[in-house]
Amino acid sequence: MKTVLSSILLLLTLISFGQNGVIKGKITDKQSETPLPGAIITLENVVNAETTSDADGNFQINNVPLGRQLITVRYIGYMPVTVPNIEVTSGKEVFLTIVLTENFNALDEVVIKAEAGKVKAINKMAAVSARQFSLEEVNRYAGGRSDVARLVANFAGVSTANDSRNDIVVRGNSPAGMLWRIEGIPVPSPNHFATLGTTGSPVSALNPNLLANSDFLTSAFPAEYGNAISGVFDLNFRKGNTEKYEFMVGVGAYPGAEFMAEGPLGKKGGSFVVAGRYGIAGYLGGAGTGTAIPNYNDIAFNADFGKTKWGTFAVYGIAGISNIEFLGKDAEEDDLFSAKDANQELRSDFGVLGVSHKLFFNQKTFIKTNLSVTGSSNKYDEERIYNLDTPTETTIPFTASDNTENRVTFSSYLNSKINKKITLKSGVLLERFAIDYSLNDRDRQEDADGDGYPDFNSIYNTEGNYTVFQPYTQGQFRLTETLVLNAGLHGQLFSVTNEFVLEPRTSLTYSINAKNSINLGYGIHHQNVPAPILFQNENVNGSLVQTNRHLDLVRSQHFVMGYDIKLADKWRGKLEVYYQYIDKAAVENFDSSYSSLTEGSDFGYSTDKTSLVSKGRGVNQGIELTLEKFFSKGYHALFTTSLFQSKYEGSDGVERNSPFNNQYVINALGGKEFKMGKRKKNTFSLDGKVTAAGGRFYTPVDLAASQAAGYEIKENDKAFSLQYDPYFRLDLRMGFKFNSSKKKQSHLLYLELQNVTDNNNIFINRYNRLTNQVNRIDQIGFFPDFGYKFQF
């Protein structure tokens, strides 16, 4: 009888566990990042749901009701924190990393709890123009395509009015000015179908299922970030479940077929998580590539080996491969990327493998070191068909590009919380590049050999090594209870020119009261001219010479002022004004409209810019507004608007619009969740997004000259003088989430309708060498996306 009763009790316990969820987490000090043992964690609105963190700061709450939950964290001498809208499902345990800030004065009794939301960045030194984002946002916002780059397009100051690529235009800057970091290490463009020097592409290679909460910065970033003048994407990989194995399988139009597995690793609190995807969008006609089928796959992992007496070790990595073939015989007249008189093949590979180590010397000081190897390669071959559909039809090689870039990166920094008012962080970053670039092209080349075709000339052919060395130091100083100063100094040595620069960075935050604060920021930032321009060849007296290697680092100064306000419970507003002055950009050594600041918005760079000089200038200025309703009472909302001007000057001294000067961007997003089922443990959600933006500026085509030459020639004296029609797009998304009442399982189904109004947003006006006319090409029209995920 006792055995039967024990079995019944065990069964009831298992059923109860299956019907509820688990919240786990770690409590740490924000400045020192050390664990806080003995913190009290309370699950609000649930009786007797309270626990304390252990010696390593870890905690666990079992039997958590499914749905959105709220917890409060308290620790003696620290400001309490509430964490709202924790989505608990039956298919996966929740893991949270919660940071607490020590009271300014030891005797303070803080009665107002801080809310752990997305208002502030994870990086404690980032006080202005910074935003935290989460995996939930990537999966929830309509039109995101499981792409973190498209997610940040919803934030103020970001413009991506281009359905065909995910380039990130920050405050009118070229996307080439972006810095991508993974686990603190700079990486090449983490995208499929990427090309040399670009930072975007049609499809992201970053799997959001592996990402932890991360930061996106748009201006005056802290001293640890370098070799970027527009923005920083600072991504972190999450850790796996340290106690149980969990899995996910799914399928969707844009992420493709996907899987994920995670669980404990070793006996010292370690874990692993691995996720992979196989793209299927091309087979569904939603890739925007016409009849060509894009092939892309990626895999990523993070293995943490737990706590040892030598510190903590982790190994992480990501790899992506992609290829696509455009055949002229299959091309349509309105194809974005192909033409009837050309056969094209593109292959792109990307990979990162790193090891990190973190060692605490005491409760206030630690050192973190990273060593990684990254690589990217892209190969593009094009055949051009001359005299198409005639008896003299001839196919010859037209473009051959083969670029490989590998780098070994070493990063190490020391973080020390001197006391509750002062925190210092100093480190170095060393990147050693090994490059092998080659481009042979007939585009815009003369027929010097008289064979009736443009010559197949070497545009660049570079093989070698160079180094970027970046030391930095920065500190956070809590001057008073309401005044915080972040200040630092960043250095950068570029071995190609042996140029060394020092860059001061600073920000000041004044909290007027619990609801209002003012932020000021300033920083100098440098970045080298993009590699395809820097290593370009020029024919000098019969010899190929790289006449751009001497170019200075491009310099940018950022000035930012912001105002934050808590409008009501779960509502916040933010207003930011900025001014950015750029100089030392590359321009031609005679009067022209060209500037390197206009590069980076396409798959390639100019191939005829040599003997450049560092005398170009640019100005970006604007105002941004954010109104946000964090998820509560079943709904969320976000409204952002950016009003800005982006101007530049070439060597002719004429101020012009940059190609990234959309002038305005407006985003309005919102969503509502409805509880379903007898126990209200399932949900139905509706989300929508509206985007309106000014059209991009472009240079008109000189039709007569183009017809005479047989290729597109633009009126460069009228560079970026015309503007495309405004951009508009409406996306809708509906989803169902089902939590199993008996098993540790959950199901997610969603349907997304992208560009619901089928708006004809223009992609480009370009010269068509077959029709001898300037033709308009539109972007992707209406497209339904769908997906299913099963977690267990």
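Data for the structure
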{"quantity": "Relative packing of 468-476, 172-180, 122-130, which averages over residues the other C-beta atoms within 10 Å, highest first", "calculated": "172-180, 122-130, 468-476"}
{"quantity": "³J(HN,Hα), Karplus 6.51/-1.76/1.60, whole Hz, each residue of region 427-440, x for Gly, Pro", "calculated": "x, 9, 9, 10, 10, 10, 9, 10, 10, 9, 10, 8, 8, 10"}
{"quantity": "Which of ASP569, ASP163 has the fewest Cβ neighbours within 10 Å, and the rest in rising order", "calculated": "ASP569, ASP163"}
{"quantity": "Exposure proxy order (Cβ contacts within 10 Å, fewest to most) of TYR316, TYR453", "calculated": "TYR453, TYR316"}
{"quantity": "In Hz, Karplus ³J(HN,Hα) per residue of region 341-355 (6.51, -1.76, 1.60; θ = phi - 60°; x = Gly, Pro)", "calculated": "9, 8, 10, 10, 9, 10, 10, 9, 10, 8, x, 9, 9, x, 10"}
{"quantity": "Relative packing of peptides 208-214, 52-58 - highest average C-beta neighbours within 10 Å first", "calculated": "208-214, 52-58"}
{"quantity": "R0 of 41 Å, Cβ-Cβ distance LYS742-GLU44: FRET efficiency to nearest 0.05", "calculated": "0.90"}
{"quantity": "Footprinting exposure proxy for LEU327, LEU627, LEU669 (fewest neighbouring C-beta atoms within 10 Å first)", "calculated": "LEU327, LEU627, LEU669"}
{"quantity": "Structure-based [θ]222 nm, the chain - -39500 (n - 2.57) summed over DSSP H runs of at least 4, per residue, nearest 500", "calculated": "-1500 deg cm²/dmol"}
{"quantity": "Degrees separating the helix 2-19 axis from the principal Cα axis of the chain, which is the longest one", "calculated": "40 degrees"}
{"quantity": "Kirkwood-Stokes translational diffusion coefficient of the chain, alpha-carbon pairs, 37 °C, 0.692 mPa s, µm²/s", "calculated": "118 µm²/s"}
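Every number here is computed from the coordinates shown, using simple stated rules; none is lab data. It should be emphasised that the depicted structure is a prediction, and the values quoted were computed from it without experimental measurement. Using ideal geometry, Cβ is built from the backbone for each residue, glycine included, and neighbour counts are taken over all protein chains shown.
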